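Presented below is the structure to which this report refers.
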Amino acid sequence: MAIVVKKKTRGFAAKSGASSAGSSLRPKYQPKTPPCQVACPSSEPIRFYLRNIAEGNAVEESWRQLVDKNPIPAVMGRVCPHPCEGGCNRQYKQEDDGGPVAINNVERFIGDYGIQNGLKLSKLTDETHAEKIAVIGAGPAGISCAYQLARRGYKVTIFEQFPEAGGMLRYGIPSYRLPREVLKAEIGRILDLGVELKTNCKIGRDISFDQIKSGYQAIYLGIGAHTGITLDIPGEDAPNVFTGAAYLNKINQGEKVEIGDTVVVIGGGDSAIDAARTSWRLGANVTIAYRRSRKEMPAISHEVDEALSEGLKLEELAAPVEIVKGADGRATGVKMIRMELGEPDASGRRRPKPVEGSEFVMPATTVIAAVSQKPDYAGLEKFSNGDGWIGVNQHFETSEGNVFAGGDVTLKLGLVTEAVGLGRKAAVNIDNKLRGREMVVEQNGGIAVKEKMLLGWYKNAPRNNYSTIPLEERRSFKEANLSLTLEQVQAETARCMSCGACFDCENCWMYCQDNAVIKNGPKDYAFKLENCIGCSKCAENCPCGYIDMQ
């Protein structure tokens, strides 16, 4: 689908305000990193896979480029809050445009295409190294690290405490958001590279860390943060009070949990919303209580929107002070206190303060405290740095040689995309260290900033958003959100402005009146500097910011 109307006549006058006088500066084609990629913790080649589809090329080629950095795109396309879209320059166009490119929706489509067409991951080398590497934890950080090491020729074994791989993807995120068959398919491809998976194998219970270290030349710790943090208020020991992590783990393992008809969920993050929407699907009336306002909730915004559309209630500016118990010792409600917002705290959100004398009781047959989580260090106690997390250097190595770590356990909780990115970066440095090369710190090159682009040059186009199943079908764990169609994906990828990379608009060639631009072929231009007078017309009329004057 075309996004521009190409003009074929050369010798246009410069745009308004452009200088036609010469200067000592000369143009240079300078590729830049698009801001969407800079904002993506997985460092996905977003511009490439969007433009590849927009230009009518095979979806498989986009998939191949995507999985070079992220082996689970169908998963990520469902659960990621897409910080990449926050970096998209398209959001700065006119109000009647559709906003940033729907990168996450396209990622999901590409990932699903890979599953539906049985695409296989490939190795980077046919060489097999003698060193064996252990990965502790089969969550997103662990499987990402294992994948990158396996494709580099290493024998990798993953030790996982739960019955199945996936970590919080499997035992924290409900199946209405992430169908189990999607997760299994993408993890299965990683195992097909020769990665060994040992499930139901907990460090400190089934095998010791010292046993692992004696048999492997490098270790990656991706143990996640599966232990829920309690509220630390009276009455919390009631049997029908759960942490969010424990509750979701039970449900996602298929355990039947009697929750009754009235559930109160404490918290404003993703786990709180997952626990609340899960409880609603189990037939309960659900209220989410959050100590700040909706604006400050850290949960993915559209997940909150969908929870409210399903009829869940949000009690803002309310914090728990006590679990109210009945004569049988079970919780019958939560005593709350009203809050008001004060000055911002370290997170940038306004600090909640209790309003004296404003206590009230919310009835409940089950209370779920989904406020935060922490790692379980059983068998790995020496790696906790004193504040409950694992410290690593800039190369993701711990204080113990050849032991690396990443994911929630170093992020102090984070996004799936961050965990995948950290797993990959650690794998690169594990490989570097074992091969005797210098370890590296990844850095972005020059960034294609909006100030260097001609945003008005691009046509306005509506955003292609996902659709949802009807409300009456959502009282089940059927997937709630639907993928885009191929036609929608083609239209959406055409909205990509190719920030920082030539997409063959021909403006530089057309606007140069001195025959200083040579067109060698599609997206292949060169400057004949002996003809250039330094007028800057080519740079000033390059919509994507690809040309610098130096």
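Taken together, the values in this text are just the output of simple stated rules run on the coordinates, not laboratory data. For clarity, every value in this text was computed on a predicted model and none was experimentally measured. Counting neighbours? That spans all protein chains shown, and the Cβs are built from the backbone with ideal geometry, glycine included.
Given the options Ile110, Gly326, Val371, identify the residue whose Cα lies farthest towards the positive end of the charge dipole of the chain (+1 on Cβ of Lys, Arg; -1 on Cβ of Asp, Glu). Result: Ile110, furthest along the dipole toward the positive end. Summary of packing: across the peptides 456-465, 535-544, the per-residue average of other C-beta atoms within 10 Å ranks them, highest first, as 535-544, 456-465. Within the same chain, lysines fewer than 8 places from Lys537 are excluded, and of the rest, those with a Cα less than 20 Å from its Cα are Lys6, Lys7, Lys8, Lys15, Lys28, Lys32, Lys450, Lys452, Lys519, Lys523, Lys528. Peptides 216-222, 340-346 ranked from most to least packed give 216-222, 340-346, packing being the mean of other C-beta atoms within 10 angstrom over each peptide's residues.
Pairs of Cα atoms nearer than 8 Å and 6+ residues apart set the relative contact order; for region 228-371 it is 33 percent. Cβ crowding within 10 Å, taken as a proxy for footprinting-reagent exposure, orders Phe527, Phe396 from fewest neighbours to most as Phe527, Phe396.
Relative to the longest principal Cα axis of the chain, at what angle does helix 270-281 sit, 0 to 90 degrees, rounded to 10? Here the helix axis deviates by roughly 60 degrees. From the alpha carbon centroid of region 487-550 to that of region 185-207 is 48 Å. Peptides 158-168, 470-480, 175-185 ranked from most to least packed by the mean count of surrounding Cβ atoms within 10 Å: 158-168, 175-185, 470-480.
Across region 147-168, the residues whose backbone nitrogen lies under 15 Å from the label position 7 Å along the beta-carbon direction of Gln211 are 158-161.
Evaluating 6.51 cos²θ - 1.76 cosθ + 1.60 at θ = phi - 60° for every residue in region 406-414, the Karplus couplings come out as x, x, 3, 5, 10, 7, 6, 6, x Hz, glycine and proline recorded as x. When the helices of the chain are scored as -39500 (n - 2.57) per DSSP H run of n ≥ 4 and the total is divided over every residue, the value at 222 nm lands at -7500 deg cm²/dmol. Placing a label point 7 Å from the Cα of Asp345 along the Cα-to-Cβ direction, the residues of region 289-319 whose backbone N falls under 14 Å from that point are 290-293, 296-298, 317-319. Where a ≥ b ≥ c are the square roots of the eigenvalues of the C-alpha gyration tensor, would you call region 222-312 rounded, which needs a/c under 1.5, or, failing that, prolate if a/b is larger than b/c, or oblate? In terms of gyration-tensor shape, rounded.
Rounded, prolate or oblate: which fits region 228-371, taking a ≥ b ≥ c as square roots of the Cα gyration tensor eigenvalues, rounded meaning a/c under 1.5, else prolate when a/b beats b/c?
Judged from the Cα gyration tensor, region 228-371 comes out oblate (a/c at least 1.5, b/c at or above a/b).
The angle between the Cα long axis of helix 416-434 and the longest principal axis of the Cα atoms of the chain comes to about 70 degrees, rounded to the nearest 10. Using θ = phi - 60° in the Karplus curve 6.51 cos²θ - 1.76 cosθ + 1.60, the 3J(HN,Hα) couplings for region 437-451 round to 9, 6, 6, 10, 10, 5, 9, 7, x, x, 9, 7, 8, 4, 5 Hz; x is entered for Gly and Pro.
With each pseudo-label sitting 7 Å past Cα toward Cβ, what's the Asn393-Leu454 distance in nm, one decimal? Placing both labels 7 Å beyond Cα along the Cβ direction yields 4.9 nm. Taking the longest Cα principal axis of the chain as reference, the axis of helix 180-191 is set at about 70 degrees. Cross-link partners for Lys478 among the aspartates and glutamates, with Cα-Cα distance under 15 Å and sequence neighbours closer than 8 places in the same chain left out: Glu181, Asp274, Glu306, Glu310. Comparing Cα centroids, region 94-148 and region 296-338 end up 35 angstrom apart. Using only the Cα atoms of region 409-492, build the gyration tensor, take square roots of its eigenvalues as a ≥ b ≥ c, and label the shape rounded, prolate or oblate: rounded if a/c is under 1.5, else prolate if a/b is larger than b/c, else oblate. Oblate is the answer for region 409-492, as a/c is 1.5 or above yet b/c matches or exceeds a/b. Could you compute the FRET efficiency for Glu60 and Lys123, with r as their C-beta to C-beta distance and R0 at 25 Å, rounded to 0.05? The formula returns an efficiency of 0.90 here.
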